[in-house]
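Encoded as structure tokens, the structure appears first; notes follow it.
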Amino acid sequence: MTSETLYPINGAEICAETFGDAADPAVLLIHGGSASMLWWDSELCGKLAVRGRYVIRYDQRDTGRSTSYPVGRPPYSMRDLAADAIGLLDALGIDRAHVVGQSMSGGTALTLGVDYPSRVASVTFVSTSTGADGLPPPSLPHLERPDFDDPAAVEEYVVRSIEAESAGYFDEAAARDLVRRDMARARDYEASLTNHYAMAFDGPVNGGFADLSMPVLVVHGSVDPVFPPAHGETLRAAVPDGRLVVLEGAGHGVPPELWDVLADALSEHTASR
């Protein structure tokens with residue numbers, strides 16, 4: 001495990017951390033909207049590293065220690081976030097990586113796979129969606145946006161959001177610890193909770209899901225309230241020769257109880273590519 005390092009990439013500072021041997025196949029973990037690298041838990045990263053993978057987690061713009069922008073005015077789009085991922089691979093001296101995109105960052109992973117195919121060995125979509133018409137909508141309770149001058153209220157808001165998304169797997173103490181660490185690292189936590197949803201969601205230039213030329217794995221919770229299971233099934237059907245791993249009882253994301261399931265699936269998916 002390396003220490004966190006800030007890299008100058010595309011006019012921004014991007015904070016990243018690596019696990020394992022740089023000689024092993026690289027796995028680039030990209031978490032979803034508002035989520036810093038901490039949401040890829042270090043224990044999960046370690047599980048992948050001991051399976052012979054060089055694991056990279058990082059703070060996208062407006063999360064963690066990476067560059068932050070005025071609230072509601074992000075000067076970047078999803079294509080820019082994909083370009084940042086390529087810039088990070090360049091900074092680390094990595095020619096090709098296995099890309100894992102969770103939730104919102106499934107769009108970033110798609111852009112990487114379609115627009116930068118020579119840099120992507122495989123793609124894994126975790127808890128995400130094609131965004132196709134007719135798919136079931138989220139089934140989440142309404143939570144009032146907090147007063148960002150009240151850190152306790154902000155903490156409570158994010159913890160309750162995690163609870164709503166987690167279905168049967170929810171550990172309040174662990175969630176609260178994650179949120180407190182996340183808030184402490186962020187340059188501007190209000191920007192973290194705002195700007196990814198205010199950016200332009202431009203898609204890839206060179207095609208869509210059907211144009212992915214590398215192996216594709218889809219990982220989806222069986223009771224995901226954000227993207228109900230039909231989203232995962234539709235995504236698997238949209239990509240050539242896609243494989244679907246259903247996480248039984250899981251909501252939106254991968255709980256600690258299923259980290260070994262994810263690590264095994266990723267280890268198999270990224271072998272001999």
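In table form, for the structure just shown:
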{"item": "Listed candidates [x] 148; [y] 106; [z] 117 - label of the one calculated as volume of the Cα convex hull per residue in Å³", "result": "[z]"}
{"item": "Paired Rg and Dmax values of the range 81-161, which use every Cα atom, in angstrom", "result": "17.3, 46"}
{"item": "J(HN,Hα) series, the range 56-63, from Karplus relation 6.51 cos²θ - 1.76 cosθ + 1.60, nearest Hz, glycine and proline x", "result": "10, 10, 7, 8, 5, 3, 6, 10"}
{"item": "Per-q log10 I(q)/I(0), the range 217-273, q = 0.23, 0.26, 0.29 Å⁻¹ (Debye; single scatterer per alpha-carbon; no solvent)", "result": "-0.91, -1.07, -1.18"}
{"item": "For the range 231-258 and the range 61-133, distance of Cα centres in Å", "result": "19 Å"}
{"item": "Stokes-Einstein D in µm²/s, Kirkwood radius over Cα pairs - the range 40-103 at 25 °C with 0.890 mPa s viscosity", "result": "181 µm²/s"}
{"item": "Directionally averaged shadow of the range 83-123, computed from the convex hull of its alpha-carbon atoms, nm²", "result": "2.5 nm²"}
{"item": "Value of Rg to Rh for the range 1-87 (Rh from inverse mean 1/r over Cα pairs, i.e. Kirkwood)", "result": "0.98"}
{"item": "MRE, 222 nm, helices only [DSSP H, n ≥ 4, -39500 (n - 2.57), over the chain, to nearest 500]", "result": "-10000 deg cm²/dmol"}
{"item": "Among Pro255, Pro75, Pro228, residue whose mean-square fluctuation peaks in a GNM of the chain (springs only between Cα atoms under 10 Å)", "result": "Pro75"}
{"item": "Candidates Leu262, Leu81, Leu135, ranked by Gaussian network fluctuation over the chain, Cα under 10 Å, top entry", "result": "Leu135"}
{"item": "Within the chain: Cβ-based charge dipole about Cα centre, in debye rounded to nearest 20 (Lys, Arg +1; Asp, Glu -1)", "result": "640 debye"}
{"item": "Cα-based convex hull, the range 107-237, per residue volume (Å³, whole number)", "result": "144 Å³"}
{"item": "Candidates Ala164, Ala173, Ala121, ranked by Gaussian network fluctuation over the chain, Cα under 10 Å, top entry", "result": "Ala173"}
{"item": "Cα pair distances exceeding 15 angstrom across the range 117-181, given as percent", "result": "67 percent"}
{"item": "Label-point gap, in nm, between Asp241 and Thr2 - each point 7 angstrom along Cα→Cβ", "result": "3.2 nm"}
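Bear in mind these aren't lab numbers, they're just calculated from the coordinates by the rules spelled out. Computed from a prediction, not measured in an experiment: that's the story for all the values here. Cβ sites come from the backbone with ideal geometry, for glycine too, and all protein chains shown count toward neighbours.
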